[in-house]
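The values are calculated or read from the model by the stated rules, or taken from the named source; none is laboratory data. Just so it is clear, the model here is predicted, and its values are computed rather than measured. Neighbour counts are summed over all protein chains in view; Cβ atoms, including those assigned to glycine, are modelled from backbone coordinates with ideal geometry.
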């Protein structure tokens with residue numbers, strides 16, 4: 001079984017994130033969509049439990065995966081990503097790239113991960129044009145102005161959650 005991890009803050013999860021999950025599901029049998037929790041950083045717009053629910057609900061909403069829900073494991077971790085991978089027999093780290101400048105930092109992290117855990121490889125998935133500009137920060141900015149445009153970039157569940165928080 002080919003297992004992969006797609007880790008991020010997902011605060012909130014966007015259609016761009018879901019596109020990475022969808023395309024990774026064409027390559028991998030099981031994908032861990034995990035929130036990397038750094039206790040040294042602020043909590044974020046949504047707490048971890050809310051983000052987990054929003055990811056799960058968004059995966060339910062996206063019927064185009066063509067995969068059984070059991071192929072997606074959603075949760076969080078506080079250790080190093082490579083440690084999580086080793087504990088769960090994950091061999092692939094999935095990384096989405098919005099623009100060319102994302103590649104440098106992601107590639108540096110790939111090299112460090114390869115040095116620490118040689119059996120884990122990285123799959124880089126460049127964003128299609130419609131998602132290259134999309135970021136959680138942009139979504140939060142739209143939501144802070146109650147812009148209906150936010151619904152173009154997130155699932156209805158996330159859009160509703162954004163309306164109920166003080167962005």
### Task
Looking only at segment 30-51, decide whether some residue is under 28 Å from residue 133 (Cβ atoms), in a helix (DSSP H, G or I), modelled with pLDDT of 95 or more and touching a helix residue (DSSP H, G or I) at 6+ places or on another chain (Cβ under 8 Å).
yes
### Message
Among the listed residues 82, 94, identify the single one that is closer than 26 Å to residue 134 by Cα, in contact with a strand residue (DSSP E or B) (Cβ under 9 Å, 6 or more places away or on another chain), modelled with pLDDT of 90 or more and not in a loop (DSSP other than H, G, I, E, B).
### Response
94
### Task
Note down all Cβ pairs under 7 Å where the first residue falls in segment 78-90 and is more than 15 Å from residue 121 (Cβ to Cβ), the second is surrounded by fewer than 14 Cβ atoms within 10 Å (Cβ to Cβ), and they're at least six residues apart or on different chains.
78/39
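Within segment 106-115, identify whether any single residue is in contact with a strand residue (DSSP E or B) (Cβ under 6 Å, 6 or more places away or on another chain), in a helix (DSSP H, G or I) and either over 21 Å from residue 27 (Cβ atoms) or free of Cβ contacts under 8 Å to residues at least 24 places away in the same chain (or both), and answer yes or no. Full working, then the answer.
Narrowing segment 106-115 to residues in contact with a strand residue (DSSP E or B) (Cβ under 6 Å, 6 or more places away or on another chain): 106, 110.
Now drop any that are not in a helix (DSSP H, G or I), which leaves 106, 110.
Narrowing further to those that are either over 21 Å from residue 27 (Cβ atoms) or free of Cβ contacts under 8 Å to residues at least 24 places away in the same chain (or both): 106, 110.
The answer is yes, given that some residue of segment 106-115 is in contact with a strand residue (DSSP E or B) (Cβ under 6 Å, 6 or more places away or on another chain), in a helix (DSSP H, G or I) and either over 21 Å from residue 27 (Cβ atoms) or free of Cβ contacts under 8 Å to residues at least 24 places away in the same chain (or both).
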### Task
All but one of (1) surrounded by 14 or more Cβ atoms within 10 Å (Cβ to Cβ); (2) part of a loop (DSSP other than H, G, I, E, B); (3) out of contact with any helix residue (DSSP H, G or I) (no Cβ under 7 Å at 6 or more places or on another chain) hold for residue 154, so report the exception by its number.
(3)
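Which of the residues spanning segment 52-72 are under 30 Å from residue 118 (Cβ atoms) and either modelled with pLDDT of 95 or more or assigned to a helix (DSSP H, G or I) (or both)?
55, 70, 71
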